[in-house]
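Here's the structure we're looking at; comments come further down.
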Amino acid sequence: MHVENLTLAYGADAPVVSGLTLEVPAGQLTAVVGPNGSGKSTLLRGMSRLVTPQSGQVLLDGKDIHKLPARELARQLGVLPQGPVTPEGITAAELVSRGRHPHRGLFARLTAEDDAAISEALAAVELTELRERPVDQLSGGQRQRVWIAMVLAQGTPHLLLDEPTTYLDLAHAVDVMNVVHAAAVSGRTVVAVLHDLTLAAQYADHLVVMGDGQIAAEGRPVDVLTEELLDEVFGLRATVVEVGGAPVVVPERRLAV
Ligand SMILES: Nc1ncnc2c1ncn2[C@@H]1O[C@H](COP(=O)(O)OP(=O)(O)O)[C@@H](O)[C@H]1O
Ligand SMILES: [Mg+2]
């Protein structure tokens, strides 16, 4: 995917993303981090056609996504929005089956290929045993994994995930990141907005730091996530140490006197 000079705004408000250009590395995991309100979700919406650009383009295999038919786009690009709302009473397998819509005719029944994709996606997030369970009876981590399975079942070569690990404890966040990473290892191009800088740095091949609607820095996590950058972009005083080649952010404690 390529984002060219993209400017995004809501209505007549000032642009939230301005003149942003980004080459998303194919077949890799790109993590987008940045302070609250810096425009990460808006960027992902612009990249998935949920927000129409004021100017600029998003290219998928060289084609402007705003010129692709909706069904064609849905076969190319899977999107997990921030904080999706689970339909009441739906089972895990039913929710995952919704990912197959772009491949099916209107009212058509699930084909053997659909069934295989659904089972494979549920297996990838280790929820095969819970497939008939209502999603609203699952834990937060399991629910998040069902949503990811839905996007995986869509079988798209490109994935955009907005905060797939939010509200999860670290162990469950790691489970989810392992699945997201595996998608990239299997050749898909993945862009994930992540909250946790250390987790993002552990998993990302390419790290994009957004500050105020623009890219403040991008590159390998170890090159990008510096103490200066954290101070500049996040207003955070922290020590950065390296563990296993990836930066770990240790925020400075500030005690009231
Ligand atoms: N639907 C919307 N309508 C109007 N303004 C919005 C909308 N969504 C987000 N914004 C504004 O855009 C800015 C960036 O928001 P967002 O992209 O959600 O940031 P992030 O995901 O980095 O926290 C914020 O100032 C927010 O108030
Ligand atoms: Mg957001």
Say we look at the stretch 216-242 and pick out the residues that are in a strand (DSSP E or B) and open to solvent by 50 Å² or more (accessible area, probe 1.4 Å); which of these is nearest to ligand 2 (Cβ to nearest atom)?
216
Looking only at the stretch 107-127, decide whether some residue is at pLDDT below 90, among the hydroxyl-bearing types (Ser, Thr, Tyr) and open to solvent by 30 Å² or more (accessible area, probe 1.4 Å).
yes
Conditions (1) within 14 Å of ligand 1 (Cβ to nearest atom); (2) more than 19 Å from the chain's Cα centre (by Cα): number failed by residue 101:
(1)
Quick check: anything in the stretch 177-196 over 28 Å from residue 48 (Cα atoms) and at pLDDT below 95?
no
Quick check on my filter: what residues within the stretch 86-102 are assigned to a helix (DSSP H, G or I) and under 22 Å from residue 134 (Cβ atoms)?
92, 93, 94, 95, 96, 97, 98, 99, 100, 101
The stretch 170-206, residues that are under 18 Å from residue 239 (Cβ atoms), in contact (Cβ under 8 Å) with a residue 40 or more places away in the chain and within 16 Å of ligand 1 (Cβ to nearest atom)
197, 200
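The values are calculated or read from the model by the stated rules, or taken from the named source; none is laboratory data. Worth saying up front: this structure is predicted, and the values here are computed from it rather than measured. Every residue, glycine as well, gets a Cβ built from its backbone with ideal geometry; the counts of neighbours run over all protein chains shown. Remember, those area values only see protein heavy atoms, side chains included, never the ligands or the DNA or RNA. Shrake-Rupley method; radii C 1.70, N 1.55, O 1.52, S 1.80 Å.
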